[in-house]
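> So that we are looking at the same thing, I have put the structure below in structure tokens.
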Amino acid sequence: MRTQKKKEKNIVGAFGRLLPIMMKASPFLFSCSIVLSIFHGFSFGVETMMQQRFFDRAVEAAGGSAGLLQAFGALALLGAANVACQVLNGVANFLPGVVEGKAGAHLSQAIQKKIARLDPVIFEDTGKLDDINKAEQGKNEAFWFVFDMLAILTFYIPYFAFMGWYLFSLKPVLALSIVIIFVPTVLAQLVRMKAFSHLEDDSAPVRREYEYYESCMVDREYFKETRILGGFFFFKKLYQETLACLQELKFKATMKSNLFELLMRVFTVAGYCGILWLLYDALMKQEVTVGAFAAVFNSIGMLYSIMEEVVCGHISSMARGAGAIRNYLNFLDLEERSGERTEAPGWGDIVLENVSFAYPAGEKPEDAGGEKGAVKYAVKNLNLTLHKGETLAVVGENGSGKSTLIRLLCGLYLPTEGSVKKNGVDTKTLAMKALTADTSAVFQKYQRYQMTMRENVTISDAEKACEEAQLDAICALAGTDSQDSAFPKGYETMLSREFDGVDLSGGQWQRLAIARGFYRSHDLIILDEPTAAIDPYEETRIYNRFAEISRDKSAVIVTHRLGSVRLADRILVMKDGEAVQLGAHGELIAREGEYKRLYEAQEQWYSEKEPE
């Protein structure tokens, strides 16, 4: 996959992209939240004006220039304004929790949909794995980032605008109080934003490491081997080292931002004291009324606390999450796999012409091949035609390029050089859905889905009605039986102890994986070393059954064990990423070469006649 230079995201651009994604989660609640937040912002300013009105009426009533009824009326208005503020404040704090789950689900879906559109080869690239990890972290920050921005735009800005107008109407210089309080704290958060943005880039690979070491210590998949071999303390040491490294990165970023913020707070407090002096001076010169002085004196304290809340709370939170959010959006901007053709190419020959393939730098799979110039190629200069209806076996030692070839044949990977054509259509022009529409496969590293036996077998088309007789036939081909004692509830047996079900042996899981591959409707089926946990004799039986169901279909078998490949029409022998031999079993065994060497090395595993 071609790489794309990451683009920096500013706050406004990030908000503009994230808001529509989250609005889809609950448009009505989001709209209500925005409208109520605007009223909430103005309500605090109105309350300040009601305070001035009440204090002025109270002073006038004490001096005899106004009646008590007017003072009580002003008090009632002040009480109503205060109640409105509290109600709106409660609603503003309640709504985010209501929509958080739905909005988070939409942000997660955006990641999953993006992954589905990317080239599968990204999972061989550590850099792209870091990008996925960063995107997951960014998703967690994105929801509150949007709500913080909405709060600033719909509550804090209306409040500050109202208070700025109000203070200016009393005495223009008082309006500067907002700027004096605001500027230093904003500068502090800009420094924090930059520091934590760099922190997120530096910590993502370290975070992936310590999460992996943690899973090696405690996950069910690892704990037996870790405990028996005494590896727990080895992984604990690695976990502690990577965690300490991560904490050191966080400490440096936090110290840098906090020291600068402390300096800015000194300026803010000095400005706050200066504003109080200006207010007192205005009262002494009778430039403002006693009521205005009291109201503004109260509002300055609230103005300062709200300014601190928005800057040190919301903006600070946005600053800490800015790097993660940028990574989330950068991930959504990754270049997707090309191929606009959505219709399946149909069943026909698969032709590889001068195909070479190199994995992304920094990651080499187990079957990586040899060198071609300065690039490490897993498959080199391969020309091959898989004929319609043919069964092809691919054999070779570890590192010969077998599994890479399979991924190229089925279209999961696109060739670095050359072309792969399915029924005359280049795989580079096909969308992933079109590539896999008529293909089934069973891989060595199959999945153990924590679901029922039925769901494990029918997962490729779970909506299709399937009679038990059909399931029985498919499972029999794979060498498993729902009536076995391992499945106490037949096809409805839950295959997970975590969900009050049963666990299976490696061989039983492997047979289920094979049944899963047989179940999917296909014209091409691939068995990529799916029988590692099954003995050679049972493997031969499964491959013979496989030969029965793959008649009139194209099929590919990849295996280390050569005793079962004689059922293939042709056998391709791979070595160091190159095709070194191609032919039927008889002709390959009749001449010296890689196939004969491998076969004779394994001959004692097999007999010419299967045991009864």
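> Once ligands and nucleic acids are excluded and a 1.4 Å probe is used, how much of Asp481 is accessible, expressed in Å² to the nearest 10?
80 Å²
> What pairs in Lys433/Lys464; Lys402/Lys422; Lys236/Lys256 have C-alpha atoms more than 25 Å from each other?
In this structure, Lys236/Lys256 lie more than 25 Å apart at Cα.
> How far is helix 176-218 tilted, in degrees, relative to the longest principal axis of the Cα atoms in the chain, given as a value from 0 to 90 rounded to the nearest 10?
20 degrees
> Same structure, new question: Check which residues have an amide H placed less than 5 Å from Gly577's amide H, if you skip close sequence neighbours.
Here Gly370, Gly401 satisfy the definition.
> Let me ask something else about it. As a test of the definition: which semi-axes, in Å, follow for the range 425-513 when you take the square root of five times each eigenvalue of its alpha carbon gyration tensor? Largest first, please.
Calculated on Cα positions only, the semi-axes equal 28, 15, 13 Å.
> State the antiparallel share, in %, of DSSP beta bridges confined to the chain, rounding to the nearest 5. All intermediate terms of the calculation are to be shown ahead of the outcome.
Values: 20 of 39 bridges.
About 50 percent, rounded to the nearest 5.
> Could you tell me which of the pairs Lys134/Lys237; Lys128/Lys421; Lys128/Lys388 are separated by over 30 angstrom between their Cα atoms in the structure shown?
The pairs that break the limit, which is 30 Å between Cα atoms, are Lys128/Lys388.
> Relative contact order (percent) for the range 1-140, with alpha-carbon contacts under 8 angstrom and 6 or more residues of separation?
32 percent
> Next question, about the same structure. Could you derive backbone 3J(HN,Hα) for the range 87-94 from the dihedral phi with the Karplus parameters 6.51, -1.76 and 1.60 (θ = phi - 60°), listing whole Hz in sequence and x where the residue is Gly or Pro?
5, 5, 5, x, 5, 4, 7, 7
> Considering only protein heavy atoms, what is the solvent-accessible area of Leu68 at a probe of 1.4 Å, reported in Å² to the nearest 10?
120 Å²
> In addition: Defining a contact as two alpha carbons under 8 Å apart and six or more residues distant in sequence, what relative contact order in percent does the chain show?
Details: 922 pairs, mean separation 91.0, N = 612.
In percent, rounded to a whole number, it is 15.
> Once you list every other residue whose beta carbon is under 13 Å from the beta carbon of Ala431, what net charge do they have if Lys and Arg are +1 and Asp and Glu are -1?
That sum, taken over residues with Cβ under 13 Å, equals +1.
> Report, as a whole number in µm² per second, the diffusion coefficient that Stokes-Einstein gives for the chain at 4 °C and 1.567 mPa s using the Kirkwood radius over alpha carbon pairs.
43 µm²/s
> Okay, next question. Over the range 384-520, with the other protein chains present, what is the accessible area per residue in square angstrom, probe 1.4 angstrom?
43 Å²
> Would you kindly find the accessible area of Met149, with a 1.4 Å probe and non-protein molecules such as ligands, DNA and RNA excluded, rounding to the nearest 10 Å²?
20 Å²
The values are calculated or read from the model by the stated rules, or taken from the named source; none is laboratory data. Quick caveat: nothing in here was measured; it's all calculated off a predicted structure. FYI the Cβ positions are ideal-geometry reconstructions off the backbone, even for glycines, and counts take in every protein chain you see. To get the accessible areas, we keep the full protein, side chains included, count just its heavy atoms, and leave off ligands, DNA and RNA. Shrake-Rupley method; radii C 1.70, N 1.55, O 1.52, S 1.80 Å.
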